[in-house]
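Beneath this line is the structure, given in structure tokens, with notes to follow.
The values are calculated or read from the model by the stated rules, or taken from the named source; none is laboratory data. Treat the numbers as computed from the prediction; the structure is a model and nothing was measured. All Cβ positions, glycine included, derive from the backbone under ideal geometry; neighbour counts span all protein chains shown.
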Amino acid sequence: MSNAPARDGRHETSSDKTLSVMDLFTPERPEWTVDEAAAALGQSGSTVYRYFRSLTAVGLIFSIRPGRYLLGPGIVRYDRQLRLSDPLLRAAEPTILDLARHVRGPGLIFISRIHRNHVMTVHEHRLDAEPFAAGTFDRGRLAPLFSGAPALSMLAFMEVRAVRAMFQKSGNEEADWLLIKRRMRAIRDLGFAIGRDDPDLGVIHVSVPVRQDSGAVVASLNIAGASTAYDDTEAERVGTMLMEASARLAERARTQAEA
């Protein structure tokens, strides 16, 4: 078993390396061979073959044609289990359906969480039947941690030293830290974040944190729509409404967790 240090400073185990194979599969590069993965990971072909064999056995990857692998259907099983077991996701739909009655479409209502050094949408609800591109915050897509209201609405209500550590780990320019601090302070003062054309042109995001009773931030509740459909007054109305909805969502999630 290898004792090489992992990216977070701890020692990397064989299990870590097996799971690191999963990070190779991206929308830009969805298909891999053992040899290609071995070169990318800096491991021997025989070692990576064992990783592929283990992941294939549980359905996390599968061979679409001889020697070439894609992500497997087993992931869908775990996705379903997440939706059924996560108290926040179980509590989301009543809150979102209530919000949808008071917000014009087209657009999206969605929930995001911090995942590693990114933000990722874990649940989304489409407003109206008209198409609306989710863009940077499409469900399951890794979005930048320090860009956009869905991310900043969470960071603004977290402990500043923890946010600073994440900022440094993300490789951002140190000169940008003061700008981020000012934006977070403004969000705390207002209670919600508004991002117009940030990071997606033509899109406005209005976002609030979802917090546990302890005050810990667990997610953000967000509405995305066309920038032209939201003047400042409407954006602030939606922000106030989201704050109330976030409190209801957190209470429902707490009840779900205790059930």
(request) State which residue is surrounded by the fewest Cβ atoms within 10 Å (Cβ to Cβ) when the search covers only segment 172-213 and only residues that are in a helix (DSSP H, G or I) and of a type in the set (A, V, I, L, M). (result) Ala175
(request) Can you give me the number of residues within segment 215-227 that are more than 20 Å from Arg101 (Cα to Cα) and either over 22 Å from the mean Cα position of the chain (by Cα) or surrounded by 15 or more Cβ atoms within 10 Å (Cβ to Cβ) (or both)? (result) 3
(request) Go through Ser85, Ser20, Ser54 for me and flag whichever is modelled with pLDDT under 95 and over 23 Å from the mean Cα position of the chain (by Cα). (result) Ser54
(request) Determine, yes or no, whether Ala129 is without any contact (Cβ under 8 Å) to a residue 60 or more places away in the chain, surrounded by fewer than 20 Cβ atoms within 10 Å (Cβ to Cβ) and part of a helix (DSSP H, G or I). (result) no
(request) Look at segment 93-115 and say how many of its residues are closer than 17 Å to Ala226 by Cβ and without any contact (Cβ under 8 Å) to a residue 60 or more places away in the chain. (result) 1
(request) Could you grab me the full set of residues in segment 33-43 that are of a type in the set (S, T, N, Q) and either modelled with pLDDT of 95 or more or assigned by TED's automatic domain parsing to the domain that holds Ser246 (or both)? (result) Thr33
(request) Tell me which of these Leu70 doesn't satisfy, since it passes every other one: (1) assigned to a strand (DSSP E or B); (2) of a type outside the set (Asp, Glu); (3) modelled with pLDDT under 95. (result) (3)
(request) Being among the acidic types (Asp, Glu) and either within 21 Å of the chain's Cα centre (by Cα) or at pLDDT 95 or above (or both) narrows it down to one of Asp176, Asp197, so name that one. (result) Asp197
(request) Tally the residues that are part of a helix (DSSP H, G or I), surrounded by 15 or more Cβ atoms within 10 Å (Cβ to Cβ) and not β-branched (Val, Ile, Thr), restricting the search to segment 154-163. (result) 2
(request) Count, please, the residues in segment 99-120 that happen to be surrounded by fewer than 15 Cβ atoms within 10 Å (Cβ to Cβ) and either over 17 Å from the mean Cα position of the chain (by Cα) or small (Gly, Ala, Ser) (or both). (result) 3
(request) May I ask you to list the residues in segment 117-134 that are touching a strand residue (DSSP E or B) at 6+ places or on another chain (Cβ under 8 Å) and either of a type in the set (Val, Ile, Thr) or more than 23 Å from His102 (Cα to Cα) (or both)? (result) His118, Val119, Met120, Thr121, Val122
(message) Filter segment 228-259 down to the residues that are modelled with pLDDT of 95 or more, surrounded by fewer than 20 Cβ atoms within 10 Å (Cβ to Cβ) and hydroxyl-bearing (Ser, Thr, Tyr) and list them by number.
(response) Thr233, Thr240
(request) Could you please let me know if Arg113 is in the same structural domain as Val210 (by TED's automatic domain parsing) and part of a strand (DSSP E or B)? (result) yes
